[in-house]
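Colleague: One structure, pasted below without further comment.
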Amino acid sequence: MTKTLLSFGHGYSAKALTTLLIPQGWRVIGTTRMAEKAEALNATGVEPLIFPGDDVGAAMDAATHVLISAGPDADGDPVLREVGDQIAARAGQFEWVGYLSTTGVYGDHGGDWVDEETPLVPSTRRGQWRKEAEAAWAAIPDLPLHIFRLAGIYGPGRGPFAKVRAGTARRIIKPNQVFSRIHVEDIAQIVAASIARPAPGTAYNVCDDYAAPPEDVIEHAAHLLGLPIPAAEDFETAEMTPMARSFYAESKRVRNDRIKEALGVKLIYPTYKEGLAALLQHPE
């Protein structure tokens, strides 16, 4: 029987997963909000649907697996808002459902460690929306839900090199500020490993082995490119947009033991250094 993945909000991470599944014979149906993106999806072997808009009932009937990448907003989860009743009615049909969340649900821990059992106390509005969306999905009876809490995502087309080359990269220094990261190829293999080993009700932290200060990543990127290291700027006095400043509201180190022990994952890029080296071989 053909496995069929219905991917809501088929974006950067879901596309990386698709490159693993389609060669294995999977059928992948992906939703997007824009017609021009639908054409691009079709070119990769994904059957596109415009959502909201197109009727997704037939796609849900065919789906053995469901992935939700669409982010929530102030009004809640957009997929549940549109088709939550239809998903709940089919909950027992699905072999696996995955929800891509964020480590932002843990809030600020002053650089200390968190794991999947750490209480969810988000300190940002977006983190709170994610916490509420996780709970809303988890509340659907009989849904074989798996939650993936993603750290900062990077990969081809998403990395520091373009800004370093353009001279627009900034090294903002805030004491004890660290971020966890994850390469998109590792996201794909972690989600694929979960599909192969379903454990409904489980949450997984999706991050690499090394939480690093953001300025270190910029410095290393400049070093790899042989370009000058951007000058350090103090966080307190640096001119930043409210959005940019909000990224510094939380500092934590995220444990990833569960993806290794429960899913048998061996990271392709254990730290940002391996990841950036690979990105140089695949121009952004």
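The values are calculated or read from the model by the stated rules, or taken from the named source; none is laboratory data. Given the structure is predicted, the values throughout are model-derived calculations rather than measurements. Using ideal geometry, Cβ is built from the backbone for each residue, glycine included, and neighbour counts are taken over all protein chains shown. Each accessible area value is taken on the protein alone, full model and side chains, heavy atoms only, with ligands, DNA and RNA left out. Shrake-Rupley method; radii C 1.70, N 1.55, O 1.52, S 1.80 Å.
Colleague: Mind checking whether some residue in segment 118-127 is in contact with a Lys or Arg (Cβ under 9 Å, 6 or more places away or on another chain), farther than 24 Å from Thr271 by Cα and either part of a helix (DSSP H, G or I) or open to solvent by 60 Å² or more (accessible area, probe 1.4 Å) (or both)?
Modeller: Yes.
Colleague: Looking at Ala244, Ala232, Ala249, Ala238, which one is crowded, with 16+ Cβ neighbours inside 10 Å, modelled with pLDDT under 95 and farther than 15 Å from Val184 by Cα?
Modeller: Numbers: Ala244 fails: crowded, with 16+ Cβ neighbours inside 10 Å; Ala232 fails: crowded, with 16+ Cβ neighbours inside 10 Å; Ala249 fails: crowded, with 16+ Cβ neighbours inside 10 Å.
Step by step, each of Ala244, Ala232, Ala249, Ala238 is checked, and only Ala238 is crowded, with 16+ Cβ neighbours inside 10 Å, modelled with pLDDT under 95 and farther than 15 Å from Val184 by Cα.
Colleague: Working only within segment 157-185, note down all residues that are closer than 19 Å to Ala249 by Cβ, in a loop (DSSP other than H, G, I, E, B) and touching a residue at least 60 places away in the same chain (Cβ under 8 Å). Give the steps one after another, and end with the answer.
Modeller: Filtering segment 157-185 for residues closer than 19 Å to Ala249 by Cβ gives 170-181.
Those still in the list that are in a loop (DSSP other than H, G, I, E, B) too: 170, 174-178, 180.
Scanning segment 157-185 gives Arg170, Lys174, Asn176, Gln177, Val178, Ser180.
Colleague: Here's a check for you: in segment 253-275, which residue that is in contact with a helix residue (DSSP H, G or I) (Cβ under 6 Å, 6 or more places away or on another chain) and open to solvent by less than 30 Å² (accessible area, probe 1.4 Å) is farthest from Ala151 (Cα to Cα)?
Modeller: In this case the residue turns out to be Leu263.
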